[in-house]
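Accompanying notes for the structure given below.
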Amino acid sequence: MDRLDGPPRLILVADLDCTLVDHDDPENTHLLRFNALWEAHYRHDSLLVYSTGRSMRSYLSLRNKKPLLTPDIAITSVGSEIAYCGESIVFDDVWVARLSEMWNRDIVVEETSKFSQLEPQPKRSQEQHKVSFYVEREHAVEIMKVLPGILMERGVDVKMVYSNDYAFDVLPGGSGKGGALTYLLEKLENEGEQSSNILVCGDSGNDAELFNISQAYGVMVSFLLFFF
Ligand code: GLC
Ligand code: MG
């Protein structure tokens, strides 16, 4: 953010999988076209923010496979981490401290383990401020009705995010992609660098709350299903 002289002309916030990155296109046609456009017309006065459910580790491994530009900021692990990406990657400790206020990972793991329908995602998808599962929609709907109350009684405030009809994330309250972007926009405003042009792009459940940010314009990416 210090890279720019004044407020960014545009803040572009893009999800990666199935939004910026088309896994069915080995040529990366659209991604390369976007990269060229960004470098030629936006890089010098705008901010590029990636916003992904992937952990930082998983995002970095995607960068080995797809020609992704280095963003200014990466919101990773469904908004439970924010990192500034210049020469090196620097995590936002203030955000981490804020998320830790009413969060206790052990209690979340203990209470969620009582729901047999919740199948834990692999260890590599679990983070300090993100406990993730696979679950069918009908069970997710029921669990989402009761889990916040159970955890609040134990002093833990959570946000639950359901994506793609299988992924269920339990995150600190106030977190998520929308929470992280709101925090970043406040930070920019406090630094006198607020932009009036904010564009958010995404395709799945964990992107939904980005579209509730009132100052932001949105692009909802969809795909076509062909039935024969
Ligand atoms: C990514 C993460 C996964 C999460 C999902 C939905 O795929 O790896 O843990 O559940 O996004 O947010
Ligand atoms: Mg996506």
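The values are calculated or read from the model by the stated rules, or taken from the named source; none is laboratory data. Keep in mind it's a predicted model, so treat the numbers as computed, not measured. Cβ atoms come from the backbone with ideal geometry, glycine included; neighbour counts cover every protein chain shown. The accessibility values were calculated without ligands, DNA or RNA, using every heavy atom of the protein model including side chains. Shrake-Rupley method; radii C 1.70, N 1.55, O 1.52, S 1.80 Å.
Looking at 197, 49, 217, which one has the Cα that reaches farthest to the positive end of the dipole of the chain (charges on Cβ: Lys, Arg +1; Asp, Glu -1)?
Projecting each Cα onto the dipole axis, the largest value belongs to 49.
Points 7 angstrom from Cα along the Cβ direction at residue 30 and residue 187: gap in nanometres?
2.9
Over 19 Å between Cα atoms: which of 130/177; 130/159; 66/159 fall into that group?
Going by Cα-Cα distance, 66/159 fall outside the 19 Å limit.
Rounded to the nearest 0.05, what FRET efficiency is calculated for residue 65 and residue 10 with R0 set to 35 Å and r the Cβ-Cβ distance?
0.85
Quick one: which residues, 5+ away or cross-chain, put their amide H under 5 Å from the amide H of residue 89? H built at 1.01 Å from N.
For residue 89, whose amide H was placed from the backbone, there are no distant partners under 5 Å.
Pop the C-beta distance of residue 94 and residue 217 into the FRET formula with R0 = 25 Å and round what comes out to the nearest 0.05.
Between residue 94 and residue 217 the formula returns 0.40.
Towards the positive end of the charge dipole of the range 102-172, with charges on Cβ (+1 Lys, Arg; -1 Asp, Glu), say which of 125, 148, 107 has the farthest Cα.
Working it through, the farthest residue towards the positive pole turns out to be 125.
Whole-Hz ³J(HN,Hα) for each residue in the range 7-13, computed from phi via Karplus 6.51 cos²θ - 1.76 cosθ + 1.60 with θ = phi - 60°, x for glycine and proline: what do you get?
Per-residue couplings from phi come out as x, x, 5, 9, 10, 9, 10 Hz.
Determine the sum of side-chain charges near residue 9: Lys and Arg each +1, Asp and Glu each -1, restricted to other residues whose C-beta is under 15 angstrom from that of residue 9.
Computed value for this residue: -3.
With the calculation restricted to Cα positions, what are the radius of gyration and Dmax of the range 36-127 in angstrom?
Answer for the range 36-127, Rg first and Dmax second: 16.5, 53 Å.
Within a Cβ distance under 11 Å of residue 200, other residues only, what is the Lys/Arg minus Asp/Glu net charge?
-2
Which angle between 0 and 90 degrees, to the nearest 10, do you get for helix 137-153 versus the longest principal axis of the chain when only C-alpha atoms count?
That works out to roughly 80 degrees.
List the pair-distance distribution P(r) of the chain, using every Cα-Cα distance, as the percent of pairs falling in each 10 Å bin from 0 up to the bin containing the longest distance, rounded to whole percents.
Taking all Cα pairs of the chain, the binned fractions are 7, 32, 36, 19, 6, 0 percent.
Hey, what's the range 102-172 come to in accessible area per residue, 1.4 Å probe, Å²?
Per-residue accessible area for the range 102-172 comes out at 54 Å².
Step through the residues of the range 201-209 one at a time and calculate ³J(HN,Hα) from phi using the Karplus curve (6.51 cos²θ - 1.76 cosθ + 1.60, θ = phi - 60°), rounding each to whole Hz and writing x for Gly and Pro.
Whole-Hz 3J(HN,Hα) from phi for the range 201-209: 9, x, 10, 9, x, 6, 8, 3, 6.
Ordering 220, 144 from largest to smallest accessible area (1.4 angstrom probe), what's the sequence? Show your work: numbers first, answer last.
Values: 220 140, 144 60 Å².
In descending accessible area the options line up as 220, 144.
Would you kindly derive the ³J(HN,Hα) couplings of the range 41-48 from the backbone phi angles with the Karplus curve 6.51 cos²θ - 1.76 cosθ + 1.60 (θ = phi - 60°), listing them in order in whole Hz, with x for Gly and Pro?
Using θ = phi - 60°, the values come out as 10, 10, 3, 5, 9, 10, 10, 9 Hz.
So, in Å, what gap is there between the alpha-carbon centers of the range 150-172 and the range 108-141?
Rounded to whole Å, the Cα centres lie 9 Å apart.
So how exposed is residue 84, as accessible area in Å² (1.4 Å probe, rounded to 10)?
The value for residue 84 is about 40 Å².
Under a 1.4 angstrom probe, counting protein chains only, how are 66, 145, 177 ranked by accessible area, largest first?
Per-residue accessible area, sorted high to low, gives 145, 66, 177.
To the nearest 20 debye, what is the magnitude of the charge dipole of the chain about its Cα centre, counting +1 on the Cβ of each Lys and Arg and -1 on the Cβ of each Asp and Glu?
320
Step by step: find N for the range 102-172, compute 2.2 N^0.38 Å, then divide the Cα radius of gyration by it. What's the final number?
The value comes to 0.98.
Using a 1.4 angstrom probe on the protein heavy atoms only, line up 159, 65, 123 by accessible area, largest first. Mind showing how you got there, number by number?
On the way: 159 45, 65 145, 123 180 Å².
Final ranking, largest accessible area leading: 123, 65, 159.
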